[in-house]
Every structure is written in C-alpha cells, then in structure tokens.
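Worksheet: the structure to be examined is printed underneath.
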C-alpha cells in the first residue's frame, strides 16, 4: 500500500517568492503581489460604486461568506453562539456580509435540526442578528459605511436532516445514479413532483418578505453545493416543466423571482452558484486504513456517460468543467435583476477538495488528491472566466481563499487589482480570524496565531452532531464541552 501524497504546507513557504515558486512548480497561474498595500492605496479598500444594493454602496472588496454554526434553536431561532458569530462578522470590516448563514425556507428543508428557519416566528430574532452585526461593525470600524447584509435562503434537498443529526430525510430534484445510495434516496416519492413546486416557490417568496421586514438588504437564492436549487440546474433527466432543457432547469429561479416581485417586495437579490461540479469522490480503498482515509478518487462513472448529472461539468470527462451553461446562467441572473453572483464550486458532501481546498480532511472526507493550492487556483480561474463575460450591473464574489493563509491578502489584492474578480469572499477564515483583511488593509500585518490552517474541525464537528466553530484557534470553542467530544471522535479514527 502506498502512502497518501503529501504537499508542502503553506506556513513552510516563508516568503512571497517561495510561495510564487511553489505555485509555478505546480503549473498554476496565481497572481500574488509582493507587498500588502494599506489604506486608500489598497485595491481591497476600494468601494463598488457601480452597483447599489438597497440604496447602499459596497464599501470595500471583501465579503464574509455564509458560515453556519449548527447552533440555532430547535424552532429555528438564533442562540448565543449564533449571535456571537454574527457580531464577529461585523468585526470583520467586510463591506458585504453575504447571507450570514443558510436559513431554511421550510422546517423540513433544514440540513440539521438546529439550522435557522426564516419565517415570521423567527423574524425578530433574525432582525436582532442583523442589529448585533451592525453594532459590532460600528464599534470597531466606525459609522458611515454600514456593510451590505443579506440573508441566504435555502432548502437542503438531498442533504435534509430536519429532525435528527444522524437521520437523512432527503427530497431531491431527480434520481442520481451515483448519489442516491450515498444519501438514502431509494424511491421516486422522494423526488419533488411538479405539483409540489408551487408550494416551494411560495415558501421562498414568504421568506424573502420576512427577510425584508427583518432589515436585510438582499436575499441570496442559494444555487450551490448540491442543495435543492443547485440540483435543479442539473436536472437534465427530469421530465416535465422543471427538467430537461436549460429553460426548464432554470424555471424555478425565474418563478421565485417573479413571485418576490409580485409580492411587491423591493428587496435586492443575489445568487450563490456552484459554477461547476465534478463527479462524487471517495477515499481510495487501496490507500486507506481503518480510521485513515486515503486520497480521494472519482466514483466509477463509466456507466453514466455521457454525464448528465451535474451542472457546469464536462459530459464526457466529468472531472473537468464546462462553463458554457454557467455563463448562460450568469447572464440570465443579470436579466432577472440579480445584483450579486457569489461563485463557488462542487459540494462539501461529495467532492470537498473541489469546493473548499484544505490540508486536512473532515471526518467523512478523504486526503486531498492534489495540492490544495491547485483547488484554489481552479476556482480563481473560473471566476476570472465568468468575470470577463459578466453583464453590467452585477458584482461577482470569488471563493476558496482560506487555504492561502499568510498569502491570502497578497493574492486577494492581486486578483482584484487585475480585474479577475470584484470581491474576495472569506468563509472558514471568518470563523478563526474575521478581521484578517481588515488588519491587512489597516496595518499590512496579520496575527499568525489566528490564521485558519484548514484543519476541518469546523466540518468534522457538525458531521458528528456537534456545533461548528474554530475549535483549534478560537478560545471560545476550545473551552466548550464539544471540544473534548471532538477530540475523542478524532482519536477514535473519525478524522
């Protein structure tokens, strides 16, 4: 048995030159500036004046991505852990808080029993989250340029666990030859019927109304990571009005937006999109041991060709992208008045190295099959290609930057300066070090003790029914009983 591949860790690259040399050795085109610029000279400090969201200008070029804590109440309201996380989002200084976290539009659409539910019962609690975020932002960064804040609307589809952390209750857009068994889809009754979709659309319309009443500047209509609306984009094999052609597969988005506007709701709109997907991956059994998964390999897809079960994926080589429909979808969003397109890729459930490159896998994952820096560069290049074709009046946000660690500001500054993206989104890094880019722009220096090292504990914990947070670096979580439980899970071979 050969050992899983190992890759140089980012902290071992002590200079910008060594980081650049490593990227070049991998054959990657990855812009990286020599020095971090500060103050008004920084590309990251520039406002976005050409797109106004709910009367607001986005004050700078970094965003906080949706970060769930699996820590709401069982009725879908926020807890103290939720409120603390949103205060830290405010401390980040980000000009855009993209969604905060996923909020289920119906109780049965939750990915876990403690996911927030966006309905009238929870409206006051959601409004308090927004106010806490704004207060933290003003306390640390001053008044005058409040961040643009959105709420992310979702139905978890294939990944629903609304009543028990360990029991799937999936609802899907279509039967999938590779994912059905993995996520316990065994019957056509688990597929949404056309007749049910009007009710689902109205749930999104009601949720958007609640978001507006709670003070959100926009709502994100989540089309990423294999969740329900994203799955509809790949429903090529689905019969009827919501499957087959591109027009049919995007019908649900058009009808949700039409419903929001028919409700006379002026709220602005964003979409978070997995612009490409690959086939599901699994640990290589030839390189795995009990409790020690090997590197990821694609599931056998030979019997599925041409591959019609993913969006933005190459039909004859489904471990490569085909961005033709992704570009078409972006243009459709522009025509529907979507102002922010937040770009990501893949799914954390079945190909996490594509979605969030990391040095260490979560408990249900696999060792990286490639240097994680290649995964970062892949997403940056995808955003570059879409940005070159984006319609006017739209802001693009890029993802997958956390793995860059010390060199995140250098790369973020370069890609914004070179026009590869409008904004840089911070996900996991916002849990350990929300103010990383504020510190970079303010002082040109980072606190290395807070930099996310992609240990994946923030994923391993919820995969095992615990709350999510940065257990290695955030003392608040390190002191919780869940930290000891997580260590025991990892010692037992779960990670």
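The values are calculated or read from the model by the stated rules, or taken from the named source; none is laboratory data. What you are looking at is a predicted structure, and each value in this text was computed from that prediction instead of being measured. Reconstructed Cβ throughout: ideal geometry from the backbone, glycine too, with neighbour counts over all protein chains shown.
Just checking, does segment 367-379 include any residue being part of a helix (DSSP H, G or I), modelled with pLDDT of 95 or more, at negative phi and touching a strand residue (DSSP E or B) at 6+ places or on another chain (Cβ under 9 Å)?
yes
Restricting attention to segment 291-306, does a residue exist that is at pLDDT below 95 and surrounded by fewer than 17 Cβ atoms within 10 Å (Cβ to Cβ)?
Yes, some residue in segment 291-306 is at pLDDT below 95 and surrounded by fewer than 17 Cβ atoms within 10 Å (Cβ to Cβ).
Return only the number of the condition from (1) crowded, with 24+ Cβ neighbours inside 10 Å; (2) closer than 18 Å to residue 469 by Cβ that residue 95 does not satisfy.
(2)
Just one of 29, 50, 68 is under 22 Å from residue 427 (Cα atoms) and in contact (Cβ under 8 Å) with a residue 60 or more places away in the chain; which is it?
Checking each option against the conditions leaves just 68.
Limited to segment 34-70, what total is found for residues that are surrounded by fewer than 19 Cβ atoms within 10 Å (Cβ to Cβ) and in a loop (DSSP other than H, G, I, E, B)?
Looking only at that region, the number is 8.
Could you list, in sequence order, the residues of segment 235-260 that are farther than 20 Å from residue 179 by Cα and free of Cβ contacts under 8 Å to residues at least 60 places away in the same chain?
Hits for segment 235-260 are 240, 241, 245, 247, 248, 251, 252, 255, 256, 258, 259, 260.
Looking only at segment 358-381, how many residues end up being crowded, with 23+ Cβ neighbours inside 10 Å and under 18 Å from residue 272 (Cα atoms)?
Residues that pass the stated criteria total 3.
Looking for whichever is surrounded by 17 or more Cβ atoms within 10 Å (Cβ to Cβ), outside any loop (DSSP other than H, G, I, E, B), modelled with pLDDT of 95 or more and touching a helix residue (DSSP H, G or I) at 6+ places or on another chain (Cβ under 8 Å) here; the options are 136, 111. Which one fits?
Of the residues listed, the single one that is surrounded by 17 or more Cβ atoms within 10 Å (Cβ to Cβ), outside any loop (DSSP other than H, G, I, E, B), modelled with pLDDT of 95 or more and touching a helix residue (DSSP H, G or I) at 6+ places or on another chain (Cβ under 8 Å) is 136.
Would you be able to say whether some residue in segment 387-400 is assigned to a helix (DSSP H, G or I) and in contact with a helix residue (DSSP H, G or I) (Cβ under 7 Å, 6 or more places away or on another chain)?
No, segment 387-400 contains no residue that is assigned to a helix (DSSP H, G or I) and in contact with a helix residue (DSSP H, G or I) (Cβ under 7 Å, 6 or more places away or on another chain).
Of (1) surrounded by fewer than 17 Cβ atoms within 10 Å (Cβ to Cβ); (2) in contact with a strand residue (DSSP E or B) (Cβ under 7 Å, 6 or more places away or on another chain), residue 262 satisfies all except one. Which?
The failed condition is (2).
Quick one: how many residues across segment 415-428 are under 15 Å from residue 33 (Cβ atoms) and in contact with a helix residue (DSSP H, G or I) (Cβ under 8 Å, 6 or more places away or on another chain)?
Residues meeting the conditions: 7.
Which residue pairs have Cβ atoms under 8 Å apart, sit 6 or more places apart or on different chains, and have a first residue in segment 212-231 that is over 13 Å from residue 105 (Cα atoms) and a second that is modelled with pLDDT under 95 and surrounded by fewer than 24 Cβ atoms within 10 Å (Cβ to Cβ)?
none
Can you work out which of the residues in segment 175-204 that are closer than 30 Å to residue 55 by Cα and free of Cβ contacts under 8 Å to residues at least 60 places away in the same chain is surrounded by the most Cβ atoms within 10 Å (Cβ to Cβ)?
Only one residue tops the list, namely 201.
Which residue, of 473, 486, 466, 437, is outside any loop (DSSP other than H, G, I, E, B), closer than 17 Å to residue 67 by Cβ and in contact with a helix residue (DSSP H, G or I) (Cβ under 9 Å, 6 or more places away or on another chain)?
Exactly one residue qualifies, and that residue is 437.
How many residues are in contact with a strand residue (DSSP E or B) (Cβ under 7 Å, 6 or more places away or on another chain) and outside any loop (DSSP other than H, G, I, E, B) if we restrict to segment 300-325?
Summing the residues that are in contact with a strand residue (DSSP E or B) (Cβ under 7 Å, 6 or more places away or on another chain) and outside any loop (DSSP other than H, G, I, E, B) in segment 300-325 gives 2.
Would segment 433-455 turn up any residue that is modelled with pLDDT of 95 or more, under 20 Å from residue 72 (Cα atoms) and out of contact with any strand residue (DSSP E or B) (no Cβ under 7 Å at 6 or more places or on another chain)?
no
Check 171, 158, 167, 163 and return the single one that is closer than 29 Å to residue 466 by Cβ, surrounded by fewer than 18 Cβ atoms within 10 Å (Cβ to Cβ) and touching a residue at least 40 places away in the same chain (Cβ under 8 Å).
163
Quick check, is residue 435 within 20 Å of residue 89 (Cβ to Cβ), crowded, with 23+ Cβ neighbours inside 10 Å and within 20 Å of the chain's Cα centre (by Cα)?
no
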